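Have a look at the structure below before the remarks.
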Amino acid sequence: MDDLHKTLNGIVENVEKVLVGKRDAIEKVLITLLCGGHVLIEDTPGVGKTSLASAFAKSISATFKRIQFNPDILPSDITGFSIYNQKTGDFEYKPGSIMSQLILADEINRTSPKTQSSLLEVMEENQVTVDGITYPLPKPFMVLATQNSVEYLGTYPLPEAQIDRFFMKISMGYPTVAEESQIISRYQYVSPLEEIRPIVDSNIIIQLQEKVKSVHVDKSLNLYIAELVGKTRLHPHVSLGASPRGSLSLFRAAQAWALYSGRDYVLPDDIKKMSVPVLHHRIIQTQESELKNISPADIINSIIENTRVPMVDYDEIK
């Protein structure tokens, strides 16, 4: 387990060479990658979202493509299309921009709902279907989507079905004065992205994804997860709670965090730590709670505080 911890920590530290003071965001992206999920980043322009995606791709030797979403982009631009070959008399598949291991879907909410929906199959089943033929995506595969705040002009709100397919939603935020000063110094002569080197091969990530699934989770913790997620559906400040997909995501995230922490078993604290980033975007608040400035994170934290933590015999696990 020590070697795994060093490897995973090495990936985080490698990305930190590019992004200053964003360890929490980097760790969450790594956890999502280990779980085979996708990340939604909502933040202001210029805080390093593209650099985060590019640094991750280089750190794991993954192929990387950036898709700039706009009102003119079509679903076929993403998934690909079939074209008739006059020489062979057959239709040939021309891969779209989604055919890569790591995808940066930049400003995803600037494109039409029709184009947004083309990502639903991609994100859920890691495949695309064109003219009735299914094409698998390369492994490992992850979408890092960025979106502008809903108050920005020219944005289309993402539907609940698509938001629910994102494993986590994170925000990077502005750096502190000291961090920004360090950023300026790092970029004085050359971008750190040009000097970053791979830490692992992408095939290692596939092996680590399988390793995550073998992390032990006590049955009492399964019930604990189900109780936490179930209470989001009954909370007075919530009009629509998290789905069973949220429970499965929280379960897997806790396993990945335990592995990242150097353990082969899950603690209740792992579940608590992953609850907000995994669940908060899956909750739709009531208008009254929004007027009172109650955030989804506040709701989830109150649920955690009012839910009994199960007792687990960790000596027996070890």
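Every read-out reported here was derived from the displayed coordinates using simple, explicitly stated rules and does not represent laboratory data. Quantities reported herein were computed from a predicted structural model and do not represent experimental measurements. Neighbour counts run over all protein chains shown; Cβ positions are idealised from the backbone, glycine included.
Relative to the dominant Cα principal axis of the chain, helix 23-34 is inclined by about 70°. Report, to the nearest 10°, how far helix 49-59 tilts away from the longest principal axis of the Cα atoms in the chain, using its own Cα long axis and a range of 0 to 90°. So the helix axis and the longest Cα principal axis differ by about 90 degrees.
Here's the picture: charge each Lys and Arg Cβ at +1 and each Asp and Glu Cβ at -1 in the chain, and of Asn9, Pro236, Ile205 the one pushed furthest to the positive end of that dipole is Ile205. A Förster distance of 35 Å, applied to the separation of the beta-carbon atoms of Arg66 and Asp264, puts the FRET efficiency at 0.45. Computed from backbone phi, the HN-Hα couplings of segment 265-282 come to 8, 9, 9, x, 5, 5, 5, 4, 5, 8, 4, 5, x, 7, 9, 5, 7, 8 Hz, rounded to whole numbers (Karplus: 6.51 cos²θ - 1.76 cosθ + 1.60, θ = phi - 60°; Gly and Pro given as x). Just Val143, Val29, Val18 to compare: in a GNM of the chain, with alpha carbon springs under 10 Å, which one fluctuates most? Highest fluctuation of the listed residues: Val18. Amide H contacts of Val128 (H built 1.01 Å from N, in plane; Pro and chain starts excluded): Tyr135, Leu137 sit under 5 Å, all sequence-distant by 5 or more or on other chains. Highest mean packing comes first when the peptides 243-256, 42-55 are listed by Cβ atoms within 10 Å, giving 243-256, 42-55.
For the peptides 196-205, 32-41, the ranking by mean Cβ contacts within 10 Å, running from highest to lowest, is 32-41, 196-205.
Working value for the chain: equivalent-ellipsoid semi-axes of 31, 25, 23 Å, each the square root of 5 times a Cα gyration tensor eigenvalue, largest first.
If you wrap the Cα atoms of segment 214-308 in a convex hull and average its projected area over all directions, you get 5.7 nm².
Simple point charges give the picture: +1 on the Cβ of Lys and Arg, -1 on the Cβ of Asp and Glu, and for the chain a dipole about the Cα centre of about 160 debye. The peptide list 175-186, 60-71, put in order of mean Cβ contacts within 10 Å with the highest first, becomes 60-71, 175-186. So what's the angle, to the nearest 10 degrees on a 0 to 90 scale, between helix 177-186 and the longest Cα principal axis of the chain? Between helix and principal axis, roughly 40 degrees.
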